[in-house]
Every structure is written in structure tokens, then in C-alpha cells.
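The values are calculated or read from the model by the stated rules, or taken from the named source; none is laboratory data. All values reported here derive from a predicted model rather than from experimental measurement. When we count neighbours, we look across all protein chains shown, and the Cβ atoms used for this are built from the backbone with ideal geometry, even at glycine.
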Amino acid sequence: MGRMLGGFETVLLFAVLELEDGAHGVSIRRLIETRTGRTTSPGAVHTALDRLQKRGLVDSSTADAPPSRGGRPRRFYELTPKGVRALRESHAAVLSMAQGTAARLADLPGGEVGG
């Protein structure tokens with residue numbers, strides 16, 4: 001296993017995976033905010049995506065922008081094979097660590113979801 005992904009990196013890669021051909025900065029931010037309740041800045045998303053691209057985990061391409069964007073092209077992201085492997089490994093590691101702990105976690109003080 002290579003370097004483990006950080007939590008935010010993992011969330012970003014899951015968003016890119018789910019959004020498929022529609023994975024661009026704004027759609028990624030919206031999905032993260034919808035699913036996690038976590039507000040993310042555009043700068044944080046783009047900085048992390050650039051870092052993931054430098055590591056070879058995502059690739060990007062630009063597409064012509066609709067007139068509503070004032071002619072600014074939009075950058076779309078996709079997982080690379082290396083990114084798929086890293087996401088699978090990260091997901092498996094989290095599942096392995098969490099295995100058998102859900103009931104115990106719920107029994108602890110403050111264990112309520114959202115609590």
C-alpha cells in the first residue's frame with residue numbers, strides 16, 4: 001500500500017467517482033456539502049485536486065464554458081487507475097478499522113449520530 005489518503009482527499013476522490021463526467025470544482029463542492037454537511041472553500045477543493053493530480057490520482061481536462069460562465073473554461077476531473085487503487089485501499093482500511101465498532105460507538109456517551 002502506498003501513502004494513505006487523508007480524509008479530505010478520500011472524500012474528494014469519492015465525489016469524483018460519483019460525479020463521473022460531471023466532476024468539476026463546483027459540483028464536487030456541492031456533493032461534499034450535501035453528503036457530509038461540511039462547508040468547503042473553492043480554494044481548498046482546487047488545491048487538494050491539484051495535489052491529487054500531481055500524485056497521479058486524478059487527471060483533468062478543460063471544456064468550453066457555457067455562456068453563463070462568461071467564457072471561462074471549466075476543468076473536469078476523473079480518477080486515474082492509480083487513483084482507483086488508492087481509493088479502494090483507503091476504503092478497505094477504514095472498513096477494516098471500523099469493523100465491529102458501530103455498536104460500541106453508539107453505546108458511548110455522545111455516540112448519537114449528529115450528537
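Remark: pairs (first residue in the range 17-42, on the phi > 0 side of the Ramachandran plot; second residue not hydroxyl-bearing (Ser, Thr, Tyr); Cβ separation under 8 Å; 6+ apart in sequence or on different chains) = 20/78. Scanning the range 59-75 for residues that are surrounded by 14 or more Cβ atoms within 10 Å (Cβ to Cβ) and modelled with pLDDT under 95 yields 74, 75. So, residue 8, is that one part of a helix (DSSP H, G or I) and either touching a helix residue (DSSP H, G or I) at 6+ places or on another chain (Cβ under 9 Å) or touching a residue at least 40 places away in the same chain (Cβ under 8 Å) (or both) or not? It is true that residue 8 is part of a helix (DSSP H, G or I) and either touching a helix residue (DSSP H, G or I) at 6+ places or on another chain (Cβ under 9 Å) or touching a residue at least 40 places away in the same chain (Cβ under 8 Å) (or both). Cβ-Cβ contacts under 6 Å between residues 6 or more apart (or on different chains), taken from a first residue in the range 72-88 that is under 14 Å from residue 15 (Cβ atoms) to a second residue that is among the acidic types (Asp, Glu) and not in a helix (DSSP H, G or I), are listed as 78/59. In the set 110, 56, only one residue is exposed (fewer than 10 other Cβ atoms within 10 Å of the Cβ) and either on the phi > 0 side of the Ramachandran plot or of a type outside the set (Ser, Thr, Tyr) (or both); that residue is 110.
Could you check, for the range 74-84, whether at least one of its residues is touching a strand residue (DSSP E or B) at 6+ places or on another chain (Cβ under 7 Å) and among the acidic types (Asp, Glu)? Looking through the range 74-84, at least one residue is touching a strand residue (DSSP E or B) at 6+ places or on another chain (Cβ under 7 Å) and among the acidic types (Asp, Glu). Restricting the range 7-49 to residues that are surrounded by 13 or more Cβ atoms within 10 Å (Cβ to Cβ) and of a type in the set (Asp, Glu) leaves a set whose member that is nearest to the chain's Cα centre (by Cα) is 9. Give 78, 112, 33 a once-over and let me know the one that is modelled with pLDDT of 95 or more, not hydroxyl-bearing (Ser, Thr, Tyr) and not in a helix (DSSP H, G or I). Unique residue meeting the criteria: 78.
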